[in-house]
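One structure is given below, encoded as structure tokens.
The values are calculated or read from the model by the stated rules, or taken from the named source; none is laboratory data. Given the structure is predicted, the values throughout are model-derived calculations rather than measurements. Note that we place each Cβ from the backbone using ideal geometry, even for glycine, and neighbour counts take in every protein chain shown. The area values use the complete protein model at the heavy-atom level, side chains included, leaving out ligands, DNA and RNA. Shrake-Rupley method; radii C 1.70, N 1.55, O 1.52, S 1.80 Å.
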Amino acid sequence: LSQDELKAQVGRAALAYVARGEIVGVGTGSTVNKFIDALATIKDEIKGAVSSSVASTERLRALGISVFDSNEVEELSVYIDGADEIDHRGFMVKGGGAALTREKIVAAQSRKFVCIADASKLVEVLGAFPLPVEVIPMAARRVMRQFAAMGGIAQVREKDGLPLVTDNGQHIVDVTGLKITDPLAFESTVSQWPGVVTVGVFAHQKADVCLLGTSEGVKTMEF
Ligand code: DER
């Protein structure tokens with residue numbers, strides 16, 4: 001099975017977690033896009049979605065699914081999202097799609113986080129994937145120095161030769177060279193640095209379930 005087919009497999013499998021008549025929390029990325037496409041096949045059975053990015057909102061609306069603002073909904077039963085890395089406790093690195101801030105917000109208002117990922121995302125220790133950190137631009141250099149002090153190599157994410165600007169109007173630094181052996185402590189520490197909007201470690205907002213696309217089929221992991 002190609003990686004694309006593995007993503008479609010888990011995107012479809014996630015429908016099992018969608019309660020009828022509910023508003024679904026929807027993440028961002030190519031695997032989530034497969035879920036959105038699957039969700040569209042049952043769009044008359046759900047009320048709509050809360051989205052974690054402009055990109056996901058556009059795809060949902062294009063497929064006829066109503067999108068609600070996160071402030072219109074108190075609590076969601078389920079949040080479906082991908083990950084760049086997920087470990088055996090359900091802790092994740094996210095933000096490859098530059099949507100980590102809104103993803104963490106919608107995840108926080110959801111009762112169950114269902115991660116959908118192809119098998120390549122399952123790791124023993126987080127940190128091989130460049131860690132995304134959304135920052136207020138004026139703090140970027142100091143945040144980069146703080147990562148350097150812990151052995152990380154940070155660089156500002158660019159798009160067309162300029163710093164990428166997120167849906168929230170901020171910048172992202174990606175940090176390589178880290179081994180995140182204590183995701184909960186790491187997320188708490190970095191989140192307190194002045195100018196950090198969101199760090200792409202999802203430990204306090206970990207996954208409750210992971211649907212992992214493997215060549216032998218979908219493997220369900222519960223955390
Ligand atoms: O940006 C994100 O957090 C996305 O969920 C990303 O981590 C997964 O994207 P993918 O499904 O395209 O690999």
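Numbers for the structure displayed
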item	result
Nearest 10 degrees, 0 to 90: helix 140-149 Cα axis against the chain principal axis	70 degrees
Heavy-atom surface of the chain, accessible at 1.4 Å and reported per residue (Å²)	45 Å²
Principal-axis tilt of helix 30-40 within the chain, Cα atoms, nearest 10 degrees	20 degrees
Share of carbon and sulfur in the accessible heavy-atom surface of the chain [1.4 Å probe, %]	50 percent
The stretch 48-121: GluC sites (Glu not before Pro) in DSSP coil with no more than 14 other Cβ atoms inside 10 Å	GLU74, GLU75
Placed amide H near LEU122: partners under 5 Å, 5+ positions off or other chain	ILE86
Straight-distance crosslink candidates among lysines, where the alpha carbon sits under 21 Å from LYS159 and sequence neighbours closer than 8 are dropped	LYS94
Mean separation of Cα contacts under 8 Å, 6 or more apart, over the residue count of the chain: relative contact order %	23 percent
Net charge, LEU1 excluded, C-beta distance under 14 Å - Lys, Arg +1, Asp, Glu -1	0
Model label zone, GLN109; criterion: amide N under 19 Å from point 7 Å along Cα-to-beta-carbon; scope the stretch 21-64	21-29, 46-61
